[in-house]
1. Return the ratio Rg/(2.2 N^0.38 Å) for segment 29-70, where Rg is computed over Cα atoms only.
2. Hey, what's segment 20-100 come to in accessible area per residue, 1.4 Å probe, Å²?
3. With a cap of 16 neighbouring Cβ atoms within 10 Å, and only residues DSSP puts in a loop, list the GluC sites (Glu not before Pro) found in segment 29-92.
4. Rounded, prolate or oblate, given the Cα gyration tensor of segment 25-128, with a/c below 1.5 counting as rounded?
5. Compute the Cα gyration tensor for segment 68-128, then decide on rounded, prolate or oblate, letting a ≥ b ≥ c be the square roots of its eigenvalues: rounded whenever a/c is under 1.5, prolate when a/b is larger than b/c in the other cases, and oblate in all that remain.
6. If packing is taken as the average count of other Cβ atoms within 10 Å, what order do 93-101, 81-89 fall into, highest mean first?
7. What ³J(HN,Hα) values, in whole Hz, does the Karplus curve 6.51 cos²θ - 1.76 cosθ + 1.60 give for segment 84-97 when θ = phi - 60°, with x put for Gly and Pro?
Amino acid sequence: RTLLPAVAEPSRPGRLLRALRRLRLVVPNLQRSNRDRAQALSVLRQAEADVILLLEVDAWWSEALRPLAATHPHVVEEPEPLYYGLALYSRFKLEETSIRPRANEWPPSLRATIVLPAGERVRLYGLH
C-alpha cells in the first residue's frame, strides 16, 4: 500500500490581500453621564475593531479610556465638558489628523487618514 503526501490547499494571495485591506470600525456614544468604565472597555474589546471613534468624551472618559492605547496606540482626542468630545483610537497608523473645535452651534469634527496594512489609505470624518 502506498501513502501519498497530503497536499495543502494552494496559497491564496487574494485572501491575504483582502485581510490587509479590511477595516473594522466601531462608533459608540459613551453617554457622558455614564461612568461604567469597566463595561465600556469590555464592550470595546469584544468588538475587536481596528478603529474606535468615541463620542461624548469628557476629561473623565479621556482618562478612563487610556487602557485602549495598549492595543490601539494611535490616538487623537478632543475631550470636552459638554456632550461633544471626540476620541479616535486606532490599531493602524494615522496621518493628516485634525480636530475642528466646536464653533457656535456646530459640534467639533475630526478627520484622519487611516493607513491600512496593505498601504492603502482611508479618509475618516467623525462628527457627533
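1. 1.06
2. On the way: 4360 Å² over 81 residues.
Ligands and nucleic acids excluded, the figure is 54 Å² per residue.
3. Working: sites: Glu48, Glu56, Glu63, Glu77; in loops: Glu48, Glu56.
Sparse-neighbourhood loop GluC sites (Glu not before Pro): Glu48.
4. On the way: a/c = 2.11, a/b = 1.13, b/c = 1.87.
Oblate, since a/c reaches 1.5 and b/c is not below a/b.
5. Numbers: a/c = 3.42, a/b = 1.72, b/c = 1.98.
Oblate shape, in that a/c is at least 1.5 and b/c is the bigger or equal ratio.
6. With the highest mean Cβ count within 10 Å placed first, the list reads 81-89, 93-101.
7. Residue by residue, segment 84-97 yields 10, x, 10, 8, 10, 10, 9, 6, 9, 4, 10, 10, 6, 8 Hz.
The values are calculated or read from the model by the stated rules, or taken from the named source; none is laboratory data. Being a predicted model, the structure only gives us computed values, none of them experimental. When we count neighbours, we look across all protein chains shown, and the Cβ atoms used for this are built from the backbone with ideal geometry, even at glycine. Surface accessibility is based on the protein's heavy atoms, side chains included, excluding ligands, DNA and RNA. Shrake-Rupley method; radii C 1.70, N 1.55, O 1.52, S 1.80 Å.
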